[in-house]
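The values are calculated or read from the model by the stated rules, or taken from the named source; none is laboratory data. What you see is a predicted model, and the numbers here were worked out from it, not measured in a lab. Neighbour counts run over all protein chains shown; Cβ positions are idealised from the backbone, glycine included. When the accessible area is computed, the model is the full protein with side chains, heavy atoms only, and any ligands, DNA or RNA have been set aside. Shrake-Rupley method; radii C 1.70, N 1.55, O 1.52, S 1.80 Å.
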Amino acid sequence: MASANYGWQASLKYMFYVYILNSKAAKTFRYVGLTDDVIKRLSEHNEGLSIATKGYRPLELKWYCAFPTR
């Protein structure tokens, strides 16, 4: 039996994520971003590769939500 192919299943491979980061150092700092790879992007933030968050490291992922389109 062939498996059914639903359009939404194909789109799961290419999701976009809105995410919120909290700074562990500066308790009032929050950052909202958009990416297609949350884990990689969090790592980049914590490595200091983002000018906007470099001074607020370490950062933790507070929340994220997936969307099929940008």
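Protection proxy ranking for 64-70, 42-48, using the average of other Cβ atoms within 10 Å per residue and placing the highest first: 42-48, 64-70. Computed from backbone phi, the HN-Hα couplings of the range 55-69 come to x, 10, 5, x, 10, 10, 6, 8, 7, 8, 9, 8, 9, x, 9 Hz, rounded to whole numbers (Karplus: 6.51 cos²θ - 1.76 cosθ + 1.60, θ = phi - 60°; Gly and Pro given as x).
Under the combined filter of DSSP loop state and at most 13 neighbouring Cβ atoms within 10 Å, the range 12-55 retains these trypsin sites (Lys or Arg not before Pro): Lys24, Lys27.
Phi angles of the range 39-53 translate, via the Karplus equation with coefficients 6.51, -1.76, 1.60 and θ = phi - 60°, into HN-Hα couplings of 5, 4, 5, 4, 4, 4, 4, 6, 8, x, 7, 10, 4, 5, 10 Hz per residue; Gly and Pro are given as x. Put Leu49, Leu34, Leu59 in order of accessible area, highest first, and with a 1.4 Å probe you get Leu49, Leu34, Leu59.
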